[in-house]
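Inspection log for the structure reproduced underneath, given as structure tokens.
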Amino acid sequence: DLTTKINYRISDRDRLYLSGYFGRDVFNFANEDNGFAVKIPWGNATTSLRWNHLFNDKLFMNTSLIFSDYRFEFNISQQDFELRIFSGINDWNTKVDFLYQPNQRHTVKFGLNYTFHEFTPGNATGRSGDVVFEPDEIFKQYSNEGALYLSDDFEVTDLLKIHAGLRYSSFQHNGYISFRDYIKNDLTGNKDNYRHIEPRLSIRYKLSPTSSLKAAYTQNYQYIHLASTSSVSLPTDLWVPSSSAIEPKFADQYALGYFRNLNDNMYETSVEAYYKEMSNLIEYKEGELPEDNTNSSSDDSFTFGNGDSYGVEFLIKKTKGRTTGWIGYTLSKTTRYFNDVNNGEAFPAKYDRRHDLSITATHKLSDKWSVSSVFVYATGNSITLPTERYLIGDNIYTEYTSRNGFRMEPYHRLDLSATYTPKKRKKYQSSWNFSIYNLYSRKNPYFIYFALEGQGQDGEGNIQEGNLTPKAYQVSIFPILPSITWNFNF
């Protein structure tokens with residue numbers, strides 16, 4: 001990973017910021033005993049140029065030009081079968097944001113942005129025995145997305161504060177577009193064009209100097225969809241744009257919370273409940289996989305439905321003293337409703353998290369030494385696993401659990417660290433951090449795959465005789481990892 005930033009001061013009213021981030025990760029796993037191997041490289045590269053201009057003491061502007069490049073690849077091989085899926089998104093984004101503050105009680109934000117998306121939603125190459133599949137060219141899709149927004153933070157009284165916002169968003173799919181084409185498509189009712197109004201409102205009311213109530217309502221449209229494969233626990237999720245066949249996701253979200261500070265603001269506590277109702281969600285059809293309909297539009301691979309998510313979040317945070325930290329816990333449930341999936345019965349979302357707990361603590365031993373710890377716990381992902389495979393004639397059939405009917409093992413780990421900060425030198429300041437990640441070396445599940453054992457492994461068995469024995473294998477990463485870090489600035 002590389003992060004860099006340059007700040008150039010043009011004048012008292014103008015500054016330029018050039019920043020960039022470049023990161024790549026590669027995951028490799030191979031089991032020679034059963035001939036299974038997987039390689040998953042992915043990463044992001046982004047750079048931005050921002051101009052900050054101060055008109056006066058009440059109004060300033062940020063103008064940004066941003067480019068981002070996301071790449072994901074999935075390679076799997078098992079005996080004489082190989083498959084490679086690669087996808088990505090390139091974004092060219094420009095936005096102008098204004099902040100106007102007429103007085104201390106009133107803050108207005110407004111602006112606009114435009115993004116040109118270039119999708120590589122899912123291209124595949126593969127081999128099965130001596131048969132090789134490779135496309136003649138890489139399939140791509142193009143989309144235009146824009147928005148105008150206005151928001152207002154207004155302290156009506158010392159007790160009442162209101163935040164109100166309105167966002168107008170637009171999305172056009174399938175190619176480059178000029179203003180003339182945009183108007184023409186609008187008049188002809190082109191279904192690849194979407195335009196929506198997204199309101200939001202939040203209210204905070206102080207019950208006392210140390211407690212308050214907050215309520216919020218938000219409407220959101222999302223034009224880019226994450227297509228998750230529940231029957232494969234490997235990370236094969238792909239991003240696809242809205243189109244004439246895939247409508248944007250829509251969500252209504254409600255939230256209500258109570259916040260209170262205790263012991264002269266030493267402790268911050270809160271409890272917040274939320275409910276989200278979603279429509280136009282996408283799922284792969286029964287029997288469809290990411291490698292199907294690759295190198296072309298994958299719209300026909302999806303079916304559409306609704307969902308909801310609700311939960312309660314608890315937080316207690318200590319902000320003062322030699323020992324600081326927080327405890328946060330969320331109890332939630334996310335459900336999907338699809339007429340054409342799971343026989344029309346409700347099922348949990350792949351990333352449904354019933355329990356999510358985090359505990360952090362930092363203790364300052366002296367001016368030079370401090371120690372800290374982090375513990376996290378989360379319910380495992382829900383996936384769809386095969387339960388049996390059988391032969392009818394010359395065709396192999398596989399039966400699965402109900403959609404997302406199997407829950408992977410929960411994720412949890414404990415991290416410890418100590419930081420030593422010596423006296424500041426004339427030219428630089430430095431510190432040393434000694435840490436242990438995953439102290440008890442918990443084998444958290446990353447994915448599950450199936451392979452043959454016994455006779456099927458050495459090629460002596462076959463499915464006709466019923467002597468192939470598949471076995472599920474869990475792959476875990478990041479065991480106990482000690483590390484030493486030297487931080488310095490000058």
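The values are calculated or read from the model by the stated rules, or taken from the named source; none is laboratory data. The structure displayed is predicted, hence computed values, not measured ones. We place every Cβ from the backbone using ideal geometry, glycine too, and count neighbours over all the protein chains shown.
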State whether one or more residues within the stretch 382-405 are more than 26 Å from ASP300 (Cβ to Cβ), surrounded by 16 or more Cβ atoms within 10 Å (Cβ to Cβ) and under 20 Å from the mean Cα position of the chain (by Cα).
-> no
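One line per residue, one yes/no per condition, for (1) out of contact with any Pro (no Cβ under 8 Å at 6 or more places or on another chain); (2) closer than 15 Å to ARG127 by Cβ; (3) surrounded by fewer than 16 Cβ atoms within 10 Å (Cβ to Cβ):
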position	(1), (2), (3)
ARG24	no, no, yes
ASP33	yes, no, yes
ALA37	yes, yes, yes
ILE66	yes, no, no
PHE86	yes, no, no
Any chance the stretch 296-308 includes a residue that's modelled with pLDDT under 85, polar (S, T, N, Q) and within 19 Å of ASN342 (Cβ to Cβ)?
-> yes
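Report, by residue number, each residue of the stretch 93-108 that is part of a strand (DSSP E or B) and over 26 Å from the mean Cα position of the chain (by Cα). Explain how you work it out, then say what you get.
Quick first cut of the stretch 93-108, residues part of a strand (DSSP E or B) only: 93-103, 106-108.
Once the filter is applied, which keeps residues that are part of a strand (DSSP E or B) and over 26 Å from the mean Cα position of the chain (by Cα), the stretch 93-108 yields PHE98, LEU99, TYR100, GLN101, PRO102, ASN103, HIS106, THR107, VAL108.
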Please verify whether the stretch 454-469 includes one or more residues that are of a type outside the set (D, E, K, R), assigned to a strand (DSSP E or B) and modelled with pLDDT under 90.
-> yes
Scanning the stretch 406-445 for residues that are crowded, with 16+ Cβ neighbours inside 10 Å and basic (Lys, Arg) gives ARG413, ARG442
